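Read-outs throughout are calculated quantities, based only on the coordinates presented, and are distinct from any laboratory measurement. Bear in mind the structure is a predicted one, so any value in this text is a computation, not a measurement. Counting neighbours? That spans all protein chains shown, and the Cβs are built from the backbone with ideal geometry, glycine included.
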Amino acid sequence: MKTVLVVGNWKSHKGVSDARTWMSTFGSLVHSHPIPKEVTIVLCVPFSDLSPIHEIITAEHLPIALGAQDVSPYPEGSYTGEESAQMIKELASWVIIGHSERRKYLGESDYELSNEVTQAKNSGLNVIYCIPDTKTHVPPEVDVVGYEPVASIGTGSADSPSHASSILTTIKHATKIPMTIYGGSVTPDNIGDFLCTPNVDGVLVGGASLDPATFFQLIANASI
Ligand code: PGA
C-alpha cells in the first residue's frame, strides 16, 4: 500500500474531559488492532487539549502525531491571547494553517497566513496549508498542501475523487510541495476511493474524526 497521511481536525470541539474519553477509546482500538506503518495519523486538537493529549500519547506510546489548528503570526511576546509557535512546539509537531473557516470567520489574509507559516517553520513545526482552489497562494516552505473545496466542508457532499485528484495534481506541479491531501466530507465509506487516485496522498477529516470508532474505521479503510 502507499504511504498516507490521515489528519483529524476536531475544530472547536471537545473540552479536556471529552478529549480524554476519546483518547481512551481510540487507544484501546489501536492497542488491539495495530495501525500499519504506512499510515501516519495526525490529530489536530484545540489548544486546551494539547497538553493532556500529549501526556496520554507519550504515556501509552500511541502512534499519533499531535497538531494544532492555528498558530500566532507573531513570535512569543506581548500579543494577548495568541499561542506562539514555540509554545505549540513543546507539545505538538504539526499545525494546520489557512483553514477556510479561519479565512472566513477570523478574516485571516494571505499576508497573515504567510507570517504564521514563517513562525511555524522557524520553530520546527510541520505545516499543513489549506487552500480552497488552485488560485490561492501557497507559501513555498509548507510541508503539505490540503485542498478543501468550501462546498464540501461539513456538508456531506464530498468532491469526486477524480476531480480532487486532478486538482491536487495541478497543485503539486505548480507548488512542488511533495505531499498533497484532500479534505471535505471524508468518511470511512469514501476514503478508499480518494486514496486510490493519483496525488491524493492523504485526507483531512473533520466531522468523521469526532467519534473515535468512526475515525479508527476510517484509518482501517485507508490501509486496504
Ligand atoms: P469535514 O471537515 O470532514 O467535516 O467536511 C473537513 C475540514 O474542514 O477539514
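Summary of values
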| quantity | calculated |
| --- | --- |
| Solvent-free Debye scattering, log10 I(q)/I(0), computed from the Cα coordinates of the range 1-134 at q = 0.19 Å⁻¹ | -1.13 |
| Ascending count of other beta-carbon atoms within 10 Å, so fewest first, for Tyr79, Tyr182 | Tyr79, Tyr182 |
| Tensor-based shape of the range 59-137 (alpha-carbon gyration tensor, a/c under 1.5 rounded, otherwise prolate or oblate) | oblate |
| Cβ-placed point charges (K, R +1; D, E -1), dipole of the chain about Cα centre in debye, nearest 20 | 360 debye |
| Among Asn9, Tyr105, Ser223 - extreme Cα towards positive end, dipole of the chain, charges at beta-carbon | Ser223 |
| Per-residue Cβ neighbour rank within 10 angstrom, fewest leading, Ser17, Ser78, Ser209 | Ser78, Ser17, Ser209 |
| Expected-Rg normalisation [2.2 N^0.38 Å, Cα atoms] applied to the range 150-224 | 1.06 |
| Additional length obtainable on full extension of the chain from Thr80 to Lys176, 0.36 nm per residue less Cα span | 31.0 nm |
| For the chain: rounded, prolate or oblate by the Cα gyration tensor [a/c cutoff 1.5] | oblate |
| Extension gain (nm, one decimal) between Ala213 and Ser32, 0.36 nm per residue minus Cα-Cα | 63.9 nm |
| Stretch gain in nm, segment Ser223-Lys2, where the contour uses 0.36 nm per residue and the Cα spacing is subtracted | 78.7 nm |
| For Asp159, Asp143, Asp18, order by how many other beta-carbon atoms lie within 10 Å, fewest first | Asp18, Asp143, Asp159 |
| FRET efficiency estimate (nearest 0.05) - Cβ-Cβ, Ser93 to Ser17, R0 30 angstrom | 0.75 |
| Ellipsoid semi-axes in whole angstrom, largest first, where each is sqrt(5λ) of the Cα gyration tensor of the range 1-55 | 22, 14, 8 |
| Positive-end extreme of charge dipole, the chain - chosen from Ser78, Ser185, His61 (charges on Cβ) | Ser185 |
| Fluctuation leader among Ile88, Ile57, Ile131 - the chain, Gaussian network, Cα springs under 10 angstrom | Ile57 |
| Cβ charges +1 (Lys, Arg) and -1 (Asp, Glu), total dipole of the range 62-178, debye | 360 debye |
| Set of the range 123-155 residues, backbone N closer than 19 Å to the point 7 Å along the Cα-Cβ line of Ser166 | 132-136, 147-152 |
| Surrounding net charge for Asn122, when Lys and Arg each add one and Asp and Glu each subtract one, Cβ distance under 12 Å | -1 |
